[in-house]
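Worksheet: the structure to be examined is printed underneath.
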Amino acid sequence: MTASVRRLGPEDADVVLGAGHLFDSAPTPAWTADVLRRAGHHLLIAFDGTTPVGFATCIEMAHPDKGTELMIYELGVDERARRRGVGRRLVDESLAPARELGCYGAWTATEDDNAAALATYRAAGAEPDHTTVTQTWDWRDA
């Protein structure tokens, strides 16, 4: 599959809302608008023709003694489009602006049993970092 990838801007809320099946939960108009207008936040959608088949969200993070890096926050590919290069294309397209912006690197996190994600990231040149452990705080059900 030769997917096209589009980097979205504030005028593209309808594109995100129309691709709701790709996300864990349906995107809301308010949250979608917020993400699309935030500086340093990137949302990309992959299309097979006009059908959304994948997405990536990325965040630029700056630190006073390190500079700026990019975090690929989430990557999702429709089940019917998996193993066809869509995830890899989204990762490559996500990393391109990081290089253009002068980011010193990029990173992402995924579950250690998510073989598809691990294979996608490794195919795009990522290497595992066995020196870190992710910690989380979750207030959704508090």
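The values are calculated or read from the model by the stated rules, or taken from the named source; none is laboratory data. Treat the numbers as computed from the prediction; the structure is a model and nothing was measured. Cβ atoms come from the backbone with ideal geometry, glycine included; neighbour counts cover every protein chain shown. Ligands, DNA and RNA are excluded from the accessible area calculation, which covers all protein heavy atoms including side chains. Shrake-Rupley method; radii C 1.70, N 1.55, O 1.52, S 1.80 Å.
For this structure, a couple of remarks:
- Antiparallel content of DSSP bridges confined to the chain, in %, to 5: 85
- The range 5-60: relative contact order in percent, alpha carbon pairs under 8 Å with at least 6 residues between: 37
- Calculated [θ] (222 nm, deg cm²/dmol) that DSSP helices of n ≥ 4 give over the chain, each run adding -39,500 (n - 2.57): -8000 deg cm²/dmol
- q = 0.18, 0.27 Å⁻¹: log10 I(q)/I(0) that the Debye formula gives for the range 81-142, counting C-alpha atoms only: -0.80, -1.19
- When the chymotrypsin sites (Phe, Trp or Tyr not before Pro) in the range 77-132 are filtered for DSSP coil states and for at most 16 other beta-carbon atoms within 10 Å of their beta-carbon, the remaining sites are Tyr104.
- D (Stokes-Einstein, µm²/s), Kirkwood Cα radius, the range 1-88, 1.567 mPa s at 4 °C: 95
- Per atom type, the range 32-142 shows carbon and sulfur on 49% of its accessible surface, probed at 1.4 Å.
- Percent RCO, i.e. relative contact order, over the chain, from Cα pairs under 8 Å lying at least 6 residues apart: 20
- Gain in span if fully extended, Ala96 to Tyr73, counting 0.36 nm per residue against the direct Cα distance: 6.7 nm
- Computed over protein heavy atoms with a 1.4 Å probe, the accessible surface of the chain works out to 67 Å² per residue.
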